[in-house]
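Written out below as structure tokens is the structure these notes cover.
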Amino acid sequence: GYEVYGGESLYVQGESAVLKSDPTLYPLNDRTSPATVPYHRSKIRMNTIGGTNWQLPGQWIEWKVNAEKEGLYQITIKGRQNITRGLYSNRKLTINGEVPFKEAENIEFNFSSTWQNFELGNEDGPFLFYLKEGENTIRMEVVLGDLAEILRTAEESVYVLNSAFRKVLMIVGSAPDRYRDYQLHKKLPDVMATLSQQSVVLKDLSERLEEYTGQRGSHNAILNRLSYQLEDMARRPRTIQNRMTQFRDNVGALGTWINNTRYQPFEIDYIIFSAPDAEIPKADASFFRRMFHEISAFIASFTEDYSSVGNVYDTDEAITVWITTGRDQAQVLKRMIDDSFVPET
């Protein structure tokens with residue numbers, strides 16, 4: 001029964017977040033594209049938020065948007081996920097403390113080396129989100145989405161394989177004899193069955209991951225490698241004592257893969273609330289605009305005052321602080337001053 005919004009688009013800058021779950025979710029500077037808002041050819045502008053700081057499940061960021069009239073809005077996010085190649089970054093979207101519909105519980109952002117306009121929707125078209133008149137609270141939270149079940153199964157597999165490794169270690173010792181037949185298939189028949197079973201589990205996980213991502217890549221490599229090794233060890237148990245180190249390393253690599261896959265980085269420039277037929281500006285700059293940006297930045301490098309960090313105030317009340325460390329340390333200290341000292345004094 002709600003009307004579809006038909007007015008001008010509303011822009012909310014990503015760095016203008018009002019609440020966040022972690023102090024590390026601070027605004028970032030991006031100068032890779034002149035289309036980033038706000039932009040300057042030589043000055044540092046805090047114009048994005050998120051990235052690798054916003055990648056752990058449970059972390060969230062909130063924004064406020066003031067709607068002139070209630071209605072159904074299309075949401076477009078100018079963002080970038082250029083860290084985890086071949087995997088999605090997942091977010092849960094809530095409006096005024098509620099998930100508007102089931103699809104908003106798991107929104108996927110695919111890999112791209114450049115900025116993209118992510119129109120929230122599916123193959124049937126864009127989703128329409130209801131905003132009340134006045135102030136609305138938008139929250140985006142890191143979630144694992146469909147990866148959760150895959151990672152849960154992988155964690156169970158690591159636990160089972162570590163248990164099997166310890167059982168074999170009790171028989172062969174830390175320095176097994178290469179030429180001795182330990183008859184592991186007779187002494188540890190349950191371990192042989194476990195190796196064969198986990199080989200099938202990991203192969204199935206690799207296929208599920210390929211179906212989820214739509215491609216076969218490096219994220220499948222450890223699953224396939226360990227699956228093949230387990231199958232071969234179960235088929236030729238006399239070779240197990242000679243492959244203990246490789247077995248241990250592959251199980252450890254699977255644990256590392258689980259931790260790395262759990263990361264869900266995503267960087268936001270701005271969020272657009274618009275009518276479904278509204279024109280959305282391009283996410284990235286054209287070739288000629290990029291070229292002009294590079295030339296302008298080069299020319300500005302001859303006139304820019306690199307001895308100053310942050311704003312320079314021409315008033316008697318301003319304090320000039322000289323720092324003998326590097327520029328990186330000076331920028332960190334300047335950020336601490338802006339966050340605590342300036343607002344209080």
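Read the figures in this text as sums done on the coordinates, not as results from a lab. These figures come from a predicted structure and were not determined experimentally. Positions of Cβ are backbone-derived with ideal geometry, glycine not excepted, and every protein chain shown enters the neighbour counts.
Applying a DSSP loop filter and a limit of 12 other Cβ atoms within 10 Å to the GluC sites (Glu not before Pro) in segment 193-285 leaves E279.
Under 5 Å from the amide H of D22 lie the amide H atoms of W60, each residue being 5 or more positions distant or on a separate chain, with H modelled from the backbone and absent for Pro and chain starts. Note on the chain: percent of Cα-Cα distances in each 10 Å bin, starting at 0 and stopping at the bin with the largest distance, equals 5, 19, 22, 20, 16, 11, 6, 2, 0. Within segment 194-218, whose backbone N sits under 19 Å from a point 7 Å along Cα→Cβ of D146? In segment 194-218, the label zone of D146 (backbone N under 19 Å from the point 7 Å along Cα→Cβ) covers 202-218. The equivalent ellipsoid that matches the C-alpha gyration tensor of segment 195-312 spans semi-axes of 51, 23, 13 angstrom, in descending order.
With K and R counted +1 and D and E -1, the other residues having a Cβ less than 12 Å from that of P176 yield a net charge of +2. Each listed q (0.10 Å⁻¹) maps to a log10 I(q)/I(0) for segment 52-200 from the Debye sum over equal C-alpha point scatterers, namely -0.57. Neighbours of F111 by Cβ distance under 11 Å: Lys/Arg scored +1, Asp/Glu scored -1, total +1. Compactness of segment 128-262 is given as radius of gyration and Dmax, 20.1, 79 Å, from Cα positions. Rounded to two decimals, the Cα radius of gyration of segment 244-345 over 2.2 N^0.38 Å is 1.85.
Applying both filters, DSSP loop and at most 16 other Cβ atoms within 10 Å, to the GluC sites (Glu not before Pro) of segment 8-88 gives E8, E68, E70. Extending 7 Å from Cα along the Cβ direction at H40 and again at R262 yields two label points whose distance is 4.0 nm. When the C-alpha to C-alpha distance is required to be over 19 Å, the pairs from K64/K132; K43/K282; K167/K187; K69/K102; K92/K203; K20/K64 that qualify are K43/K282; K69/K102; K92/K203.
Comparing I295, I323, I258 in a Gaussian network model of the chain, where Cα atoms under 10 Å apart are tied by springs, the biggest mean-square fluctuation is seen for I323. Note on segment 107-186: Kirkwood radius taken over Cα pairs, Stokes-Einstein applied at 4 °C and 1.567 mPa s, translational D equal to 68 µm² s⁻¹. In 10 Å bins starting at zero, report the fraction of Cα pairs in segment 6-72 per bin as a rounded %. Going out from 0 Å in 10 Å bins, segment 6-72 shows 18, 40, 32, 11, 0 percent. Within segment 245-345, the trypsin sites (Lys or Arg not before Pro) that combine a DSSP coil assignment with at most 16 other C-beta atoms in a 10 angstrom radius are K282. Taking V143, V309, V12 as the candidate residues, the one with maximal mean-square fluctuation in a Gaussian network model of the chain, Cα springs under 10 Å, is V309.
Compactness of segment 18-134, taken as the C-alpha radius of gyration over 2.2 N^0.38 Å, stands at 1.14.
GNM remark for the chain: springs join alpha carbons under 10 Å apart, and the peak mean-square fluctuation among D316, D277, D190 falls on D316.
Net charge in the neighbourhood of A278 (other residues with Cβ under 13 Å of its Cβ; Lys, Arg +1, Asp, Glu -1) is -4. Per-residue Karplus couplings for segment 281-293, computed as 6.51 cos²θ - 1.76 cosθ + 1.60 with θ equal to phi - 60°, are listed in order as x, 4, 6, 10, 7, 6, 4, 5, 5, 5, 4, 4, 4 Hz, Gly and Pro entered as x.
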